[in-house]
Amino acid sequence: MSPSVPREIRYLVRERAQNRCEYCRMAQAIQGATFHVEHIVPQRKGGKTVPENLALACPSCNFHKSDHTKSEDPETGQVVPLFRPRRDEWEEHFRFEGLKIVGVTSEGRATVRLLNFNSERRLLIRSIEQSLWE
């Protein structure tokens, strides 16, 4: 959680995201860690601390994203923009195949790869989360 983000804006971001990571869609309730309000376009790259540039991110997504705004699409090798929660619709860039998240666009594939959406730990957490809602 960024101390530079005012409390009322952090609250708005958490409510808007329904306490789920806006990248990998994990629920904070079963993570055991506090999710971060992160700058989609990092401050170092001119991103502002305004709701339109902030997203709720689990620690893993936030760590892997770091200050990246682009990454390589593993299918085409082209450098493309990453998924941006305020601009893009999640369902247009990703789909679930069982517990795995698959990118269906260049931006989706680059984001899945860079943010390591399908690590063993995340697959385990998704299986636990799925069993809680069955």
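Coordinate-derived values only; no laboratory data. In this text, all values refer to a predicted model and were calculated from it rather than measured experimentally. All Cβ positions, even for glycine, are placed from backbone atoms using ideal geometry, and neighbour counts span all protein chains on display.
If the reach is capped at under 28 angstrom between alpha carbons, list the lysines near Lys45, excluding any in the same chain fewer than eight residues apart.
Lys65, Lys70
What distance in nm lies between label points placed 7 Å from Cα along the C-beta direction at Trp90 and Arg7?
Spacing of the two 7 Å Cα→Cβ label points: 2.8 nm.
Mind checking the dipole of the stretch 3-62: about its Cα centre, +1 per Lys or Arg Cβ, -1 per Asp or Glu Cβ, Debye to the nearest 20?
Charge dipole, the stretch 3-62, about its Cα centre: 80 debye, nearest 20.
Aspartates and glutamates near Lys48 by alpha-carbon distance under 16 Å, same-chain residues fewer than 8 away left out - which ones?
Glu8, Glu38, Asp67
If you take every residue apart from His39 with its C-beta less than 13 Å away from the C-beta of His39, what net charge results, scoring Lys and Arg +1 and Asp and Glu -1?
+3
Per DSSP H run of n ≥ 4, the term is -39500 (n - 2.57); total these for the chain, divide by its residue number, and report the mean residue ellipticity at 222 nm rounded to 500 deg cm²/dmol.
Calculated mean residue ellipticity at 222 nm is -9000 deg cm²/dmol.
Please name which of Thr111, Gly46, Val79 has its Cα lying farthest along the dipole of the stretch 7-132 towards the positive end, using unit charges on Cβ (Lys, Arg +1; Asp, Glu -1) and the Cα centre as origin.
Gly46
Could you check the spin-label model distance between Thr49 and Asp67? Points 7 Å from the Cα along Cα→Cβ, value in nm.
That separation, rounded to one decimal, is 1.7 nm.
Amide H to amide H under 5 Å from Ser71: which residues, 5+ apart in sequence or cross-chain, H placed 1.01 Å off N in plane?
Excluding prolines and chain starts, which carry no amide H, the hits are Val80, Leu82.
Spelling out what I want: for every residue of the stretch 106-123, take phi, set θ = phi - 60°, compute 6.51 cos²θ - 1.76 cosθ + 1.60 (Karplus), and round to whole Hz; glycine and proline get x.
4, 5, x, 5, 5, 5, 4, 5, 5, 8, 6, 4, 10, 5, 4, 4, 5, 5
Compute the Cα gyration tensor for the stretch 7-132, then decide on rounded, prolate or oblate, letting a ≥ b ≥ c be the square roots of its eigenvalues: rounded whenever a/c is under 1.5, prolate when a/b is larger than b/c in the other cases, and oblate in all that remain.
Oblate, because a/c is 1.5 or more while a/b does not exceed b/c.
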